[in-house]
1. List pairs: first residue in segment B:179-199 and within 16 Å of ligand 2 (Cβ to nearest atom), second residue not hydrophobic (A, V, I, L, M, F, W, C) anywhere in the structure, Cβ distance under 6 angstrom, at least six positions apart or on different chains.
2. Is it the case that some residue within segment A:6-17 is farther than 29 Å from B:PHE103 by Cβ and open to solvent by 30 Å² or more (accessible area, probe 1.4 Å)?
3. From the list B:LEU53, B:LEU45, which residue is in a loop (DSSP other than H, G, I, E, B) and within 15 Å of ligand 1 (Cβ to nearest atom)?
4. Filter segment B:43-80 down to residues that are surrounded by 20 or more Cβ atoms within 10 Å (Cβ to Cβ), on the phi > 0 side of the Ramachandran plot and more than 10 Å from chain A (Cβ to nearest Cβ), then give me how many there are.
5. Being assigned to a strand (DSSP E or B), within 16 Å of ligand 2 (Cβ to nearest atom), within 28 Å of B:MET204 (Cα to Cα) and open to solvent by less than 10 Å² (accessible area, probe 1.4 Å), is that true of even one residue in segment B:5-21?
6. Name the residues in segment A:84-110 that are part of a loop (DSSP other than H, G, I, E, B) and either within 41 Å of the chain's Cα centre (by Cα) or at pLDDT 75 or above (or both), would you?
7. Could you run through segment B:22-42 and say how many residues are in a loop (DSSP other than H, G, I, E, B), surrounded by fewer than 16 Cβ atoms within 10 Å (Cβ to Cβ) and away from ligand 1 (no atom under 11 Å from the Cβ)?
8. Within segment A:198-246, track down each residue that is of a type in the set (Lys, Arg) and out of contact with any Lys or Arg (no Cβ under 8 Å at 6 or more places or on another chain).
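The values are calculated or read from the model by the stated rules, or taken from the named source; none is laboratory data. All figures in this text were calculated on a predicted structure; none of them were measured in a lab. Ideal geometry is used to build each Cβ from the backbone, glycine not excepted, and the neighbour counts take in all protein chains shown. For accessibility, only protein heavy atoms count, side chains too; no ligands or nucleic acids. Shrake-Rupley method; radii C 1.70, N 1.55, O 1.52, S 1.80 Å.
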Amino acid sequence: MKVNSFFYCLGQGFAGIKRNKVFFLASVATIAACVFMVGLLMSVILNVNYVIKEAQDSVCITVFFEPEVTETDIADMNKRINEWEEVSRVEYTSPEEAWETFKEEYFKDNPELAEGFANDNPLATSASFTIYLTEISYQQKVVERLESMTGIRQVNKSEITASALSDFGKIAGGASLAIIIVLLAVSIFLISNTITTGITVRAEEIRVMKYVGATDFFVKSPFVFEGVIIGLIGAIIPLVVLFFVYRSAINYVVEQLQTFSSAFAMLPLKTVFVLLIPVSLILGAGIGLIGSSIATNKYIKV
Amino acid sequence: MIRLEKVTKTYGDNHTHALDHVSLNIQKGEFVFIVGDSGAGKSTLFKLLIKELQPSSGEIYVNGKRVTRLRRRKIPMLRRDIGVVFQDFRLLKDRNVYQNIAFAQRVISVPASKIRKNVAEVLTLTGISEKYRSYPDQLSGGEQQRVALARALVNKPKILLADEPTGNLDPGNSKIIMDILEEVNRRGTTVVVVTHNHEIVRHMNKRVINLKNGIVVNDIGEGGLRA
Ligand SMILES: Nc1ncnc2c1ncn2[C@@H]1O[C@H](COP(=O)(O)OP(=O)(O)OP(=O)(O)O)[C@@H](O)[C@H]1O
Ligand SMILES: [Mg+2]
């Protein structure tokens, strides 16, 4: 298509919208609702995954040993545990390291007090493993396995309910997906109706175009443009709304929730919108394209 | 330029044929009248030529193209070679004369600068230059007919098909239209005119194809012989 014809068809597309305002608004509204749901679901999924991932990295099991366990036993255990597929890595903390950490934490202001223990490490039996897991859901299994091992005095696990979080995510995701599919169908239906009305209004014009030898593509493209424009407008509105919603959500989480627990975290605005903007625009334009193609293929024949 | 071989057209499951084994041959540069009673199949013939309809049987060739086998996406190119004037004008009421004619060029992607020149040319040829800003319902029947003619001519077709171009016109206006058609023919366009007006047919002394119930009953003056 030539450049001037492109602009002609684009202009005709806008003209079509102006002729057909009520249908236009209805189509934009449903597409906006659909894209909004998709955007919301995407933001939630991205953030739930993010929180799970963060939690995963911080979840660890701490293991303390029986007093009679020797260093060689510990080295041997370290090697064995490291081979479990649920385990991503094992960090060994020797009694000396434990004492150093403890000292720093509790005798920071008066180190001379700590000096009294210099040759008699009060944490001599505090050697430990810190075990990181490949996936959070393995925690219970690994804990049980560790508890059944000999030489282990105590197993401490993180109290995290990541599985509950991901279950919630699945249910919410399923419900939103159903809503999105319904909205998607309604959007396509409404757009194709809008375009069909436009085609009916311009039937005489289309007839003349065909008699003088306009190509199918030329006859159809104003309507396709009309559909895509409607779709894009329908996508931009929820993007703007989501932008403000997301920004206040971040503020809320940072100011209110994170004081209760650091488990509450949100992805930065940019990270989410870098994905959300193209997905929404493509979705909107796609709905417009499909809706108008249905209408033009059905009602414009040479 | 136009060749029909045993063309038959039956609408739906109707048993009467709108066209019944019609064979004819129209040379490049000819001026031909097609006459016949209402329902004889004249408009059907035009629709077959621009592939708005597909014949039930037979072959049609236009400008070297085998119309009956032409692919769907090649139809626009066929139609750019054929200008058609319809019985009912089919002008767009929301556009003025200039816009109606320019529209025909616009939609086949002619550049704007050429459109201005070409439209001016056909406005002059059809003698409606002064009315170029009028809307169709501000024009007389004869003027509307000339706009329809200008629109059919602006794309410089090789063939002009005119269905009843003088249908509702008085003798004066009919004469103007016929003069334009003759001028167009003189410039090299093959012209085929459907008409009921025997006065004009007699006066013009051209080839006349007479259709009756879808059959060519006589073809006077074919091959340059004028009756
Ligand atoms: N779309 C259609 N469906 C069914 N029958 C049709 C259709 N169009 C035309 N016919 C029939 O085909 C026959 C030829 O019609 P056509 O329009 O070609 O006649 P015509 O010669 O142009 O007549 P007129 O001088 O009145 O315009 C007629 O009997 C008509 O009833
Ligand atoms: Mg007719």
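1. Short answer, once both residue conditions are applied: B:VAL194/B:LYS42; B:VAL194/B:ASP163; B:VAL194/B:GLU164; B:ASN197/B:THR166.
2. No, segment A:6-17 has no match at all.
3. Exactly one of B:LEU53, B:LEU45 is in a loop (DSSP other than H, G, I, E, B) and within 15 Å of ligand 1 (Cβ to nearest atom), namely B:LEU53.
4. The number of residues fulfilling the criteria is 0.
5. yes
6. A:TRP84, A:GLU85, A:GLU86, A:SER94
7. Qualifying residue count for the region: 3.
8. Result: A:ARG202, A:LYS220.
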